[in-house]
């Protein structure tokens, strides 16, 4: 590359990462650590600066990056606050007064495992049944239905909050929260126009990406259990990931996405009569456990046995991802696993040929000294 010849202190990746940032910009913790490490490297190697690096150093020597963590915490808090609204609490209090301790026990299951729409359906059916046996009057049932309408209104407020995130022109900062809220929402459309992938929500464009694999890059860090998605040298998404358990570790190295399958068949290895056989399990089967997408990976740097791909988990198993995630290194048979709403986004926008790098440790981890990071490059 031409740029390689013009750099003496930094790598091309380091130069591009810093050059595209604002010295007074707001970034997540890991991005700030990366940027500060690059600035330290420029400071320590001032004598080696090329003209490009000298200009970059002058621009960023007094940089003061701001944190996004407080904003992210605030968004999470607001989402929880909307879900646990005062009207829902009143509805719960009313039901517990009618059925006592039995309802309290049922409420734990109700509150812990059901989504908002499922709760509304259960509530209507439950109180309609009580009305039929005379335990709730028609007037009481009408009041309950009215309360549920208010809950639906609050859900609409949550929907408006997501729309506000979309319109605040900071999609990269809010993408992690937006993807979870719009997943399987009928307002969400993934469109392909020319060489562009467009995410449309309620008639408004959320984001637009070019289907050019050279613009995309995926980094999986086994030790931290995370996956980072980059587009045009910007980190647009950092998500939790499950990698291979002991004895079936995810192979470290360089890959590219070679195929993409929606609602894939899962080929599961099983011991049968003392031998390992492969059973084909179609999507929708109760034993199917790899989610809605399969992003097949091709190893680039050396040949490996077996088939590896980025996929999800069995959506029908309540909290299955989180149960695995308490010990993510023991979670899979080698393939990287991620949550369905992130997987759906990647399945729609990542082009074939996208480079994927799986590493055991992130060199920008806090445990790594800045001087070590500099020498490693």
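Brief remarks on what is shown
- Once you reduce the stretch 278-308 and the stretch 44-69 to the center of their Cα atoms, the two points are 44 Å from each other.
- Note on residue 262 and residue 46: the model spin-label points, each 7 Å out from Cα along the C-beta direction, lie 5.6 nm apart.
- Evaluated at q = 0.11, 0.16, 0.19, 0.23 Å⁻¹, a Debye calculation over the C-alpha positions of the stretch 2-67 (equal weights, vacuum) places log10 I(q)/I(0) at -0.22, -0.47, -0.66, -0.94.
- Cβ crowding within 10 Å ranks 266, 293 as 266, 293, fewest other Cβ atoms first.
- In the stretch 213-359, the C-alpha radius of gyration followed by the widest Cα-Cα span (Dmax) gives 14.8, 51 angstrom.
- Reported value for the stretch 187-234: 96 Å³ per residue, from the convex hull of its C-alpha atoms.
- The residue 360 and residue 198 beta-carbon pair, evaluated with R₀ = 51 Å, returns a calculated FRET efficiency of approximately 0.90.
- For the stretch 212-280, the average shadow cast by the Cα convex hull is 6.8 nm², which is a quarter of the hull's surface.
- Taking other C-beta atoms within 10 angstrom as a stand-in for reagent exposure, 183, 267, 217 fall in the order 267, 183, 217, fewest first.
- Neighbour-count order for 66, 308, fewest beta carbons within 10 angstrom listed first: 66, 308
- Chain lengthening between residue 55 and residue 252 when straightened (0.36 nm per residue, less Cα-Cα): 67.3 nm
Here, each number is a calculation from the coordinates, and none is a lab measurement. All of these numbers come straight from a predicted model, not from anything done at the bench. Here Cβ is always computed from backbone atoms with ideal geometry, including for glycine, and neighbour counts include all displayed protein chains.
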